[in-house]
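The values are calculated or read from the model by the stated rules, or taken from the named source; none is laboratory data. No experiment lies behind these values; they were computed from the predicted model shown. Backbone-built Cβ (ideal geometry, glycine too); neighbour counts: all protein chains shown.
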Amino acid sequence: MEEQYKLMEKEQDKIISDVTSGEYKYGFHSDIETDTIPRGLNEDVIRLISSKKNEPEWLLEFRLKSYRHWQTMKMPRWANLKIPEIDYQDIIYYAAPKQKKSADGINGIDPELKKTFDKLGIPLEEQKYLAGVAVDAVFDSVSVRTTFRETLAELGIVFCSFSEAVREYPELVKRYMGSVVPYTDNFFATLNSAVFSDGSFCYIPKGVRCPMELSTYFRINSANTGQFERTLLVADEEAYVSYLEGCTAPMRDEHQLHAAVVEIIAEKNAEVKYSTVQNWYPGDKNGNGGVFNFVTKRGMCRGENSKISWTQIETGSAITWKYPSCILRGDNSTGEFYSVAVTNNYQQADTGTKMIHMGKNTKSTVVSKGIAAGHGQNSYRGLVKVLKNASNSRNFSQCDSLLLGNRCGAHTFPYLEVDNQSAKVEHEATTSKIGEDQIFYCNQRGISTEDAVALIINGYAREVINKLPMEFAVEAQKLLQISLEGSVG
Amino acid sequence: MLVINNLKAAIEGKNILKGISLEVRPGEIHAIMGPNGSGKSTLAAVLAGRELVEVTEGSITFFGKDLLDMSPEARAREGIFLGFQYPIEIPGVSMVNFMKTAVNEHRKHNGLGPLSASDFLKLMREKKELVEIDSKLANRSVNEGFSGGEKKKNEIFQMAILEPKLAILDETDSGLDIDALRIVANGVNKLRRADNSTIVITHYQRLLDYIIPDFVHVMYDGRLVKSAGKELAMELEEKGYDWIKKEVDIQD
């Protein structure tokens, strides 16, 4: 059975009306006719999603297998998070904008959709976007446009929506999907494996250095809808790619669930840089609404000398549960994790990484900068595991926490499991507060308290922000400033 | 430019300044000397607007405006500069970024647009030469990992960039070797103009060999107990502070 709901709440454009500076800037809702399926989750719903996407049988089987496994699982409770009960039968698992053909037509993009992405600063016309960045734009459950595909195709690079990859490149998808995050991995990843809608797929062939930044922009628009995207990035031997993901959602009083899976594979001598600027709606000042962000991200350095680097700026979401990790299987491979996580008001974050050293001479670096303000709770949780054969492995972890005010909390949970004598593992942790002295010093040079805080925060986070592609570093700085406005003084 | 009238101030309920009156006119250098704990740094803190000092009585005007009514940043933009006794470290914030923000705030206050990146770097370069500061210093984070001497030189460097109307140098000479002392003093002398003034707060006469004050004031127990020309500094160096203490105590 297929029903259609028109979810057309006449919300005013909140950006202009009631959002004062410092509030969430992307909280508007677009009035777009949407094709949604009924709430709830069962095998019929999964078949429906699969049929809407015209999927091959093997993929439906993968989904059903995942769903059956998921039913045997329980939601994890070990994180330092207070998660309200989630009714998984009360969520809509598929919502797609019904695209109207546009008159002036950039390849049949609905003008309303185009307007939404323009407003978010993500123009879908290639000539208008930042030179050197290709975008895959995902709106609720589907990818609505991928730019620069032809340019990339000339180099043999595949960059398209996940659904399309399933149709066009089934062999690649079959070979790699689930190879890093198996469908049994964890509650949320398994749920995603059952119901995932869209996401991006990227394949960089042997010896190719991707000449532009690839990016995916995720937008949740519909109410009561979860977003379950899946991203798969494969860098073949000697390949290089830098990838960026951004995300926003409208302001709503109820929570919304986002459970994504990202898998990265780096073959011999390949390098993948994956950057995230996560700005899902964080909820209001009293902790109402906001996105639950339960994400499984993992990269596999399969070949020797390969390298995977995660950089994340986490400012949004009511709850973040996320541990972008690296499995260092190839000898001499390198994993990196650079993170800035902000929790303000009633936001909670339990985030960190896992570095699994399997190969010889593998190296990992972890730099985590937590910032807690308001009643925010910020936890770093990280595992460094060195297996028996990983001789001469090295890890350096640095976890810093910065507190603004007296009602917030910072926590650090480092786990070390070292099974090889020759491994060198270092962990440093600091907790600090922004000093009155520092603010006064800035004041005395003519800098206002608000600007002083922004300056100090950016200084604190600089090591991580510097890892972002240039175009986004500036954005990230502004975002940090906005998300902490009004938290001091 | 600066008129302090019968200023009394307390920290956590304890009276520190017990009635200070002082006038500073354009072009003048005033030295305030006195034994430790006499209230010299508290006076500097009051002028800069430090919140933890509570003004209980008296007034301060700066070019006719009520200084006590202004926020610390407003005072700075009006042209008051405090050279800190213990300059603060701000990790990760580059001197370039810090000073660019400060300069542009001052410019905004004066109705000017922000300085272009190249003009700003030119300004930094000029001032670096003027105060003989190591050019690497300007590329580092604000005071982070600086030696004591470097921190003090950095204060003078910032002063050179911001060109204040009134600079208050709080024990800028403490902890300096003779070369650093000379550099700091030369900086101050080079920045001296007919329309700006300096208050030098110091414990020792040493700095005053390089910076020649127009007036020397002795502070003791929260009051300015003696004011005279530069010769007073010599006398203090020779005889110490005890004779002044005795004089004051007899009067009391």
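Odds and ends about this structure:
- Qualifying residue in region A:455-463 (condition: more than 27 Å from B:GLU73 (Cα to Cα) and within 14 Å of another protein chain (Cβ to nearest Cβ)): yes
- Reported count of residues in region B:37-52, each being more than 10 Å from chain A (Cβ to nearest Cβ) and either surrounded by fewer than 17 Cβ atoms within 10 Å (Cβ to Cβ) or of a type in the set (Val, Ile, Thr) (or both), is 3.
- Any hit, region A:393-401, residues being part of a loop (DSSP other than H, G, I, E, B), touching a strand residue (DSSP E or B) at 6+ places or on another chain (Cβ under 7 Å), crowded, with 19+ Cβ neighbours inside 10 Å and away from chain B (no Cβ under 14 Å): yes
- Output for region A:449-483, where each listed residue is within 16 Å of B:ALA102 (Cα to Cα) and of a type in the set (Asp, Glu): A:GLU450, A:ASP451
- For region B:35-63, the set of residues classified as in a strand (DSSP E or B) and not hydrophobic (A, V, I, L, M, F, W, C) consists of B:GLU54, B:THR56, B:GLU57, B:GLY58, B:SER59, B:THR61, listed by residue number.
- In this entry, A:GLU436 is excluded by the filter for residues that are among the acidic types (Asp, Glu) and modelled with pLDDT of 90 or more.
- In region B:58-77, of all residues being within 9 Å of chain A (Cβ to nearest Cβ) and charged (D, E, K, R), the one that is surrounded by the most Cβ atoms within 10 Å (Cβ to Cβ) corresponds to B:ARG75.
- Summed over region A:63-74, the residues that are out of contact with any Asp or Glu (no Cβ under 9 Å at 6 or more places or on another chain) and surrounded by 13 or more Cβ atoms within 10 Å (Cβ to Cβ) give a count of 5.
- Number of the condition not met by B:GLY145 [criteria: (1) within 12 Å of chain A (Cβ to nearest Cβ); (2) closer than 27 Å to A:ILE434 by Cα]: (1)
- Answer residue from region A:427-444, given it is polar (S, T, N, Q) and more than 7 Å from every other protein chain (Cβ to nearest Cβ) and is farthest from B:ARG50 (Cα to Cα) among those: A:THR430
- Filter result for the condition that a residue is buried (at least 23 other Cβ atoms within 10 Å of the Cβ), of a type in the set (Lys, Arg) and at pLDDT 85 or above, over B:LYS128, B:LYS190, B:LYS152, B:LYS165: B:LYS152
- Scanning region A:357-367 for residues that are in a strand (DSSP E or B) and either acidic (Asp, Glu) or surrounded by fewer than 24 Cβ atoms within 10 Å (Cβ to Cβ) (or both) gives A:LYS363, A:THR365, A:VAL367.
- Residue identified as of a type in the set (Lys, Arg), modelled with pLDDT of 90 or more and surrounded by 15 or more Cβ atoms within 10 Å (Cβ to Cβ) among B:ARG223, B:ARG206: B:ARG223
- Candidate set from region A:448-482 (those that are under 16 Å from A:SER368 (Cα atoms), surrounded by 18 or more Cβ atoms within 10 Å (Cβ to Cβ) and free of Cβ contacts under 8 Å to residues at least 12 places away in the same chain); member that is farthest from the chain's Cα centre (by Cα): A:GLY459
- Failed item, numbered, when A:ASN345 is tested on (1) part of a strand (DSSP E or B); (2) touching a residue at least 60 places away in the same chain (Cβ under 8 Å); (3) touching a Pro at 6+ places or on another chain (Cβ under 8 Å); (4) within 25 Å of A:GLN477 (Cβ to Cβ): (1)
- Test: residue in region A:380-389 that is under 30 Å from A:GLN481 (Cβ atoms) and within 14 Å of another protein chain (Cβ to nearest Cβ): no
- Check on A:ALA423, more than 11 Å from chain B (Cβ to nearest Cβ), under 24 Å from A:GLN347 (Cβ atoms) and of a type outside the set (Asp, Glu): no
- Selected residue [touching a residue at least 24 places away in the same chain (Cβ under 8 Å) and outside any loop (DSSP other than H, G, I, E, B)] from A:GLY405, A:GLY370: A:GLY370
- Matching residues in region A:404-428 - criterion: being under 22 Å from A:VAL453 (Cβ atoms) and surrounded by 15 or more Cβ atoms within 10 Å (Cβ to Cβ): A:LEU404, A:GLY405, A:CYS408, A:GLY409, A:ALA410
- Scanning region B:85-125 for residues that are facing another protein chain (nearest Cβ under 7 Å), in contact with a Phe, Trp or Tyr (Cβ under 9 Å, 6 or more places away or on another chain) and crowded, with 19+ Cβ neighbours inside 10 Å gives B:ILE90, B:GLY92, B:VAL93.
- With respect to the conditions (1) surrounded by fewer than 17 Cβ atoms within 10 Å (Cβ to Cβ); (2) at pLDDT below 95; (3) of a type in the set (A, V, I, L, M), B:VAL55 falls short on a single one, namely (2).
- Any chance B:PHE81 is in contact (Cβ under 8 Å) with a residue 40 or more places away in the chain, in contact with a Pro (Cβ under 9 Å, 6 or more places away or on another chain), surrounded by 17 or more Cβ atoms within 10 Å (Cβ to Cβ) and within 8 Å of another protein chain (Cβ to nearest Cβ): yes
- Verdict on A:ILE447 being within 7 Å of chain B (Cβ to nearest Cβ) and assigned to a loop (DSSP other than H, G, I, E, B): yes
- Filter result for A:PRO123 (at pLDDT below 75 and within 29 Å of A:ARG47 (Cα to Cα)): no
- Residue check, A:ARG77 modelled with pLDDT of 95 or more and among the basic types (Lys, Arg): no
- Out of B:LYS100, B:LYS40, one residue alone is without any contact (Cβ under 8 Å) to a residue 40 or more places away in the chain and not aromatic (Phe, Trp, Tyr). It is B:LYS100.
- Residues satisfying the stated conditions in region A:151-180, i.e. more than 27 Å from A:ILE37 (Cα to Cα) and of a type in the set (Val, Ile, Thr): A:THR151, A:ILE157, A:VAL158, A:VAL180
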